[in-house]
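One structure is given below, encoded as structure tokens.
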Amino acid sequence: MLQFKQGLRFGRPGSFGALATCCAVLSGTVLSGLPAWSNVAQVVEVRGAEFIPADDIQATCGVEAGVAYSALELRAIEGCLMSTGVFETVRLYTEAQTLVIEVQELNTRPGKIEAMLAYDSQDGLLGSLAFEQYNFLPKTFATLSLDYNDEVERISGALYRADAFDAHTDLGLRFSAMRREYDDVSYTQEQILGEVFVAWTPSDALRIETGIGYRDYRLFDVEAGASALLVQEETDSISEPFLHMSLSYGEPIFGGQGAYRLRLDQYLWNYGSDERLLDTRVQANATLPLADGLSLLVGLNGGKVHGLDDNDTRGIDRYFPGANTFRGFAPRGIGPRDSGDALGGNQFFVGSLELQQEFGDVWNAPLRGGVFLDSGAAWGLDNTLSGGIDDGWHRRTSVGLTLTLDVGNTPVSLYLAKPLEQEDGDETQAFGFSISTRF
């Protein structure tokens, strides 16, 4: 379940936190001179707060269970909370053995718009515009982002309502549209996708999603001289519904110093047609503490896609590990190739080990460095053009160094990598860089 109560600003910037201590002292001074009330509440309950944590509201003016508050004291606490400038109304009253703090926040639709410049090894330099707002619709969180460069045009967004059915069941809508025309690829790819999903979170560690959606996608404008396989796979448009189920599980380990997370995604694409595809993706990550500031990062990432109706996959269905997903190799740098074209694989697997050390603060921001080893492959085609394409498993391995730091409030991540095992035709990438700055 998404938690929307952290990291937000309410009312005047900084007003709630800045006034908390002042109000607590003030309320303590006022209350100390007022007569006690014989009705002692055993529980304090905050009602009406959507964004400010209930514990913060209770602590701001020093409200505690087990204290006998008079009517005058309750009015003084109301005045203390109102003085923070973030509430439209505040009312304190008792129900049996419960002291109720009922509030209505002033800013019930907080949001923001950000312009960004980002660079990563996968898509290059991107200009982005992002919007988000709480209560865009009643009790519904909305996001929208736009990304653009010469090779990638992308729009994506979501509507999400937490606790839509009960305290553990949420409702959401995802949608996206994109066009990719990479310089190193002999075709253009377009996709429009929408999905309605239900998320069940029976615990903080477990999340299960089930969704149904519709996708329209195509592979077109195949260049002259491209692989004959891509020419065969060119298609104007495939528009069909799909089913999606995901499961994620993760929790802290070693007393909170480490953690692990597992995720499984299962897609049934093109449901209802004779081109159905079963697409399975698995991710596993763990952080294992070894010594003070020293950790071992373990990552596994894999997938398999295949046709259910004796149908072949297309280049827009297959996997292309590389760049950030396989350091040391360029985007679309490994896997079956023909006529210089990367064809992708029906299966892929990448495993990663990284020994990471914290080096303290640089420019008042944490600096981390590491040594890594990545190993894996992409393989398997339904059509090898009568054996003319090598689609077998060929392991690739790379080693390198990583560095992560913040420059101001801008996160920067970079790596240097060298392949130890590679195949003829692979595209390598010795340096990777990721940065994102907001305006």
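What helices (runs of 4 or more DSSP H) lie completely within the range 1-100 and have 3 or more residues being farther than 30 Å from D166 by Cα and modelled with pLDDT under 90?
In the range 1-100, the matching helices (runs of 4 or more DSSP H) lie at 15-32, 71-82.
In the set Y160, Y119, Y134, which member is hydroxyl-bearing (S, T, Y), closer than 23 Å to R180 by Cα, in contact (Cβ under 8 Å) with a residue 12 or more places away in the chain and not in a loop (DSSP other than H, G, I, E, B)?
Sole residue among the options that is hydroxyl-bearing (S, T, Y), closer than 23 Å to R180 by Cα, in contact (Cβ under 8 Å) with a residue 12 or more places away in the chain and not in a loop (DSSP other than H, G, I, E, B): Y119.
Within the range 195-227, can you find the residues that are small (G, A, S) and either surrounded by 15 or more Cβ atoms within 10 Å (Cβ to Cβ) or in contact with a Pro (Cβ under 6 Å, 6 or more places away or on another chain) (or both)?
If the condition is that a residue be small (G, A, S) and either surrounded by 15 or more Cβ atoms within 10 Å (Cβ to Cβ) or in contact with a Pro (Cβ under 6 Å, 6 or more places away or on another chain) (or both), then A199, G211, G213, A226, S227 are the ones that fit.
Do we have L367 as assigned to a strand (DSSP E or B), more than 30 Å from D312 (Cβ to Cβ) and at pLDDT 95 or above here?
Judged against the criteria, L367 is not a match.
Which of the residues belonging to the range 398-420 are within 21 Å of G328 (Cα to Cα) and in contact (Cβ under 8 Å) with a residue 40 or more places away in the chain?
If the condition is that a residue be within 21 Å of G328 (Cα to Cα) and in contact (Cβ under 8 Å) with a residue 40 or more places away in the chain, then S398, V399, G400, T402, L405, Y415, A417, K418, P419 are the ones that fit.
Among the listed residues V103, V86, V152, V90, identify the single one that is among the hydrophobic types (A, V, I, L, M, F, W, C), within 24 Å of Y182 (Cα to Cα) and either surrounded by 15 or more Cβ atoms within 10 Å (Cβ to Cβ) or not assigned by TED's automatic domain parsing to the domain that holds S413 (or both).
Just a single option satisfies the conditions, and that option is V152.
Restricting to the range 424-433, name every residue that is touching a Phe, Trp or Tyr at 6+ places or on another chain (Cβ under 9 Å) and in a loop (DSSP other than H, G, I, E, B).
Answer for the range 424-433, where residues must be touching a Phe, Trp or Tyr at 6+ places or on another chain (Cβ under 9 Å) and in a loop (DSSP other than H, G, I, E, B): D426, E427, Q429.
For the range 232-285, what are the residues that are surrounded by 15 or more Cβ atoms within 10 Å (Cβ to Cβ), over 19 Å from Q191 (Cα atoms) and of a type in the set (V, I, T)?
Listed by number, the list holds a single entry, V282.
Taking into account only those residues within the range 171-194 that are of a type in the set (F, W, Y) and within 29 Å of R337 (Cβ to Cβ), which is nearest to the chain's Cα centre (by Cα)?
Taking the candidates together, the pick is Y182.
Among the candidates E102, E88, E95, E151, single out the residue that is closer than 30 Å to S413 by Cβ and charged (D, E, K, R).
E151
Looking only at residues that are modelled with pLDDT under 95 and either among the acidic types (D, E) or outside any strand (DSSP E or B) (or both) in the range 373-423, which one is surrounded by the most Cβ atoms within 10 Å (Cβ to Cβ)?
Top of the filtered list is D406.
Taking V362 and the conditions (1) at pLDDT 95 or above; (2) farther than 21 Å from R318 by Cβ, which numbered condition does it fall short on, given that it satisfies the others?
With respect to (1) at pLDDT 95 or above; (2) farther than 21 Å from R318 by Cβ, V362 is out only on (1).
Go through D341, D292 for me and flag whichever is closer than 22 Å to W379 by Cβ, over 25 Å from the mean Cα position of the chain (by Cα) and of a type in the set (D, E, K, R).
D341
Return a yes/no flag: does the range 330-351 have any residue that is polar (S, T, N, Q) and under 18 Å from Q422 (Cβ atoms).
Checking the range 330-351: not a single residue is polar (S, T, N, Q) and under 18 Å from Q422 (Cβ atoms).
Can we say G344 is modelled with pLDDT of 95 or more, in contact with a strand residue (DSSP E or B) (Cβ under 8 Å, 6 or more places away or on another chain), at positive phi and small (G, A, S)?
yes
The values are calculated or read from the model by the stated rules, or taken from the named source; none is laboratory data. Computed from a predicted model, the values in this text were never measured in an experiment. We place every Cβ from the backbone using ideal geometry, glycine too, and count neighbours over all the protein chains shown.
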